[in-house]
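Participant: Have a look at this one.
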Amino acid sequence: MEKVILIKYGELSTKKGNRNFFIKTLCSEVERKLALENCTITHDFSRMCITFDEDQLSDILKKLNTIFGIHAYHIAYKVSSDLETIKEKVLEVMKQESFHTFKIETSRRDKNFPIPSMELSRLLGSIILKAIPNVQVDVHHPDVLCQVEIHEKDTYIYTNAYPGLGGYPVGTQPKALLMLSGGIDSPVAGYLAMKRGIKIEAVYFEAIPHTSLEARNKVIELSRRLAQYTNKINLHIVPFTELQEAIYQHGDPAYCITIMRRMMYRIMERLCQKYHAEAIVNGESIGQVASQTLVSMHVINEVTNYPVIRPLACFDKLEIMDIARKIDTYDISILPYEDCCTIFVPKHPVIHPELAVAKEIEATFDYETMIDTIMKNIQTIVIREEDSQVEKDLL
């Protein structure tokens, strides 16, 4: 028997007219991720099949677990689609398992196969009952579920199922820019955006000397963790010091966070135009801090016409932390290096800001000239999934 990996598409199979595009994008991503492995990849509208060398299985599975668009996968045995071979191999597979109850589930992809699915399941089950002592059928809660997929030439037999990441392959949606701080929330927001097929680039607002190089390195490492789900992430580092200082010199302290976020969105809009991004992504969760009340979001959003995607809007903090641990960003995010969003937080930030007041404060200083200067001095770091080092480029 030849051992293979069967990949199931899940949500991709619901795309109807665009289904071929989504499946081809997933196949291209799998081929790219496994390019260094000695394997062969084939696909159709319902399955992807990977043949591989046994000693590479662990590496292949590790890479498959970083690819969005995979609903589930199975390590299956591939045999010829003749009845005697199927009977022999199903029994051989089941003898490798330890169980008291079992179920056989047959699917005829090839409708010309002479025995109907239910009848074949009963036939295979009877063979197991005769050959293996002290076992019985349980169609509701079996210890082992043996699935048999019959195609025209080949049949796949498997008793395992491993969940994939789900979602859509990265690249099936256009690019968006992620506001990536060093906190817990924004990396999770980036992960969830990529899960919906969005290609992301990251933007980090830096206020040296108020923030540290350690805080920057923290964001670089978070970007590296996110890059494993795609091929690379461009991290744009925004020199925000002069503008942030001006905000605190000219404004009401209670409004400083509101004004700061409005300035960030102005810069994000310019970056979206420069890098042809279609949306802004951030880690805001409704009500978590003063700038994330609905009134605050309305006032802050007023400066941009770009869609602002908030994947975490209705998540609570514990849910966000659970995902951060799952994607291995939590321990980095809690390192004690503050970003520019936390260093000047006032004691009593306004939670229901008025748009007229925000505009009145902004009229007291020339922020447009400062933003022009910022745009000329943004540094970009290219972070590739396979690199242990980061590559610095000015894009």
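Participant: Output the residues belonging to region 217-266 that are small (Gly, Ala, Ser) and surrounded by 19 or more Cβ atoms within 10 Å (Cβ to Cβ).
Facilitator: Within region 217-266, SER223, ALA227, GLY251 qualify.
Participant: Quick one: count up the residues across region 111-121 that are under 13 Å from HIS151 (Cβ atoms) and exposed (fewer than 14 other Cβ atoms within 10 Å of the Cβ).
Facilitator: Going through region 111-121 one residue at a time, the tally reaches 2.
Residues are listed down the side, and each one gets a yes or a no for (1) acidic (Asp, Glu); (2) in contact (Cβ under 8 Å) with a residue 60 or more places away in the chain; (3) buried (at least 24 other Cβ atoms within 10 Å of the Cβ):
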{"position": "ASP154", "(1), (2), (3)": "yes, yes, no"}
{"position": "TYR158", "(1), (2), (3)": "no, yes, no"}
{"position": "ALA161", "(1), (2), (3)": "no, yes, no"}
{"position": "LYS175", "(1), (2), (3)": "no, yes, no"}
{"position": "ILE184", "(1), (2), (3)": "no, yes, no"}
{"position": "VAL203", "(1), (2), (3)": "no, yes, yes"}
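Participant: If ASN112 satisfies every condition in (1) modelled with pLDDT under 95; (2) closer than 22 Å to VAL135 by Cβ; (3) not charged (D, E, K, R) but one, which is the exception?
Facilitator: (2)
Yes or no, residue by residue, for (1) under 24 Å from LEU6 (Cβ atoms); (2) out of contact with any helix residue (DSSP H, G or I) (no Cβ under 7 Å at 6 or more places or on another chain); (3) without any contact (Cβ under 8 Å) to a residue 12 or more places away in the chain:
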position	(1), (2), (3)
VAL93	yes, yes, no
GLU97	yes, yes, no
ILE104	yes, no, no
ARG109	yes, yes, no
PRO116	yes, yes, yes
ILE127	yes, no, no
ALA131	no, no, no
ASP143	yes, yes, no
GLN147	yes, yes, no
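Participant: Oh, and also: Out of region 329-341, which residues are free of Cβ contacts under 8 Å to residues at least 40 places away in the same chain and assigned to a loop (DSSP other than H, G, I, E, B)?
Facilitator: Result: PRO336, single match.
Participant: Name, by its number, the condition in (1) without any contact (Cβ under 8 Å) to a residue 24 or more places away in the chain; (2) closer than 29 Å to GLU11 by Cβ that does not hold for ARG216.
Facilitator: Unmet condition: (2).
Participant: Can you name every one of the helices (runs of 4 or more DSSP H) wholly within region 221-328 that holds 1 or more residues which are closer than 30 Å to VAL30 by Cβ and at pLDDT 95 or above?
Facilitator: 256-275, 317-326
To keep it simple, each residue is scored yes or no on (1) under 22 Å from CYS49 (Cβ atoms); (2) at pLDDT below 95; (3) out of contact with any Leu (no Cβ under 9 Å at 6 or more places or on another chain); (4) loosely packed, with under 15 Cβ neighbours inside 10 Å.
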position: PHE68; (1), (2), (3), (4): yes, no, no, no
position: ILE86; (1), (2), (3), (4): yes, no, no, no
position: VAL90; (1), (2), (3), (4): yes, no, no, no
position: VAL93; (1), (2), (3), (4): yes, no, yes, no
position: PHE102; (1), (2), (3), (4): no, no, no, no
position: THR106; (1), (2), (3), (4): yes, no, no, no
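Participant: Within region 12-52, track down each residue that is acidic (Asp, Glu) and either touching a Ser or Thr at 6+ places or on another chain (Cβ under 8 Å) or more than 22 Å from GLU149 (Cα to Cα) (or both).
Facilitator: GLU29, GLU31, GLU37
Participant: Output the qualifying pairs, or none if there are none: Cβ atoms under 8 angstrom, residues six or more apart or on different chains, first residue in region 23-36 and closer than 18 Å to ASN65 by Cβ, second residue of a type outside the set (S, T, N, Q) and part of a helix (DSSP H, G or I).
Facilitator: LEU26/LEU12; VAL30/LEU64; LYS33/LYS63; LYS33/LEU64; LEU34/ILE60; LEU34/LYS63
The values are calculated or read from the model by the stated rules, or taken from the named source; none is laboratory data. Not measured: the values here are computed from a predicted model. Neighbour counts are summed over all protein chains in view; Cβ atoms, including those assigned to glycine, are modelled from backbone coordinates with ideal geometry.
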